[in-house]
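Below is one structure, written out as structure tokens, with a few remarks after it.
None of the figures in this text is laboratory data; all of them are computed from the coordinates on show. Keep in mind it's a predicted model, so treat the numbers as computed, not measured. No Cβ is skipped: glycine too gets one built from the backbone with ideal geometry, and neighbour counts run over all protein chains shown.
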Amino acid sequence: MTESAAPPRRRRPGISLTGLSLTVRAAVLSALILCSVTVMLGTYFYQSVKSAMDRRVEILLASRLDHFSRLIREMYTVTELRDRPLLIANMLGAERDVLVFREIDGTVLTAVNPDGLPLPTLPPPEAPSGVAAGMANAGESGSLRTTLPNSVPIVWAWAQTQAVEDGRLIQILGGHPMAGERQMLNAYRARIVVATLVALLVGSALAFAALRHGLRPVRTMAARAADIAPGKLDLRFDVATAPGELRALAGAINAMLDRLASGYRHLSQFSADLAHEIRTPLGILIGQTQVALAQPRTIDDYQQILESNLEELDRLHRLSENLLFLARADNASAPLERQDLSLAMELRKIADYFEGPAAERGIRFAIEAAGTVCANPDLCRRAISNLVVNAVRHGAGDEVVRLVGTVEEKHARIIVENRGSSLNDDEMGRLFDRFYRADPARSVATESHGLGLAIVKTIMVRHGGRAEASRPQPGLFRICLTFPQ
């Protein structure tokens, strides 16, 4: 019984900016930041105003109770307070506040309560009766808050003092309904909401406009990049006038375009050279075969034609082998298997191997080598052999080819030096290009395909080293291979 596959997990809905442009993304994020900051500032100011109003009411009630406490202690008697309620009301003015004078047992002496607000219950003083108790409880005060059914808060404050005529305790209760303050806070909150929305809209529009203007160089770069094509690889971005944030990007793209242009030129030249190299032997094969088939020939004639065709096929075989080696080396990713090789022994073996062809031209080898080089044996020998073949084939006759091997702290060098025709700077710079030959007469069939030094360069790149050509003096040609140790 097979287990059923689990159902796909549903993606949670949310805000996604994936498909939006950078301008819209930045504008939306800027608007969210602006909205958050505005809300936080509005909340802070709202709470600050609310706290300031509450503090103001508390100070107002405290000062009012202190004022009436002095009047009771020093000026008005209990009888006068009971008989003059209008005087107390006039002292409050047009306020809708509450002011009540009562004894400790709850007997109300005078009350100013225009809205008939319910009075809070205060805790009775805990003290023994008598004058001493009255002296002890005089001066007590406190505050509390209640809320009306319509959610309007009321701030209450109370204080106790002694009557001027007999010293008994009088309780003064003051209250202030926060209806006006609540209306002000509601209006202030509405203004904060409106200000937040306006700031959100205006800020979003300004941020979008500013970002669109600031990202104009990006659109310019995009338009410039759209003009780049295989036939227009010489187009480049202007790094000097680009913004600081885009200079590194423009410079990197320009460097990439330089590499692409160079690779495209090399690829075009490589294709042309490859077609030329293949055309010559194929033309010879086709021509000789057509001539052989034009009329009956003897066995010797057919044998000569087949031998000639075999030479051309051998040239094509070597060409394909070299191209295959270069392709594999360019795409190789596995590390090389290296080992220590004796420079003197390797150079001596190669010199002995090419001693016959060199003797035909009167060329001798001079070997100066010591130490070891850490390299892949097959690739290292192939690189040195290509240099020796190049020196024997193109060097001046009756001369000495020097093979030098030296070892330093961080690298080993192999130098192949010979005398030959002088090359100009352009030819020296193209020696390691594929299919390049200093002899412009490409129509002449030769054993070289112009891939020997290109293979040498590829081998050195695989080793993490370098191949360099130089002219120490006129007529002297030197190639140096540097292997990292």
Using a 10 Å cut-off around each Cβ, can you sort Ser151, Ser143 from fewest to most neighbouring Cβ atoms?
Ser151, Ser143
For Leu109, other-chain or 5+-apart residues with amide H closer than 5 Å (H placed, Pro excluded) are Phe101, Arg102, Glu103
At a Cα cut-off below 26 Å, give the lysines reachable from Lys410, other chains included and same-chain residues fewer than 8 away excluded.
Lys349, Lys457
Straight-line reach from Lys50: which aspartates and glutamates have Cα under 14 Å away, leaving out those fewer than 8 places along the same chain?
Glu58, Glu181
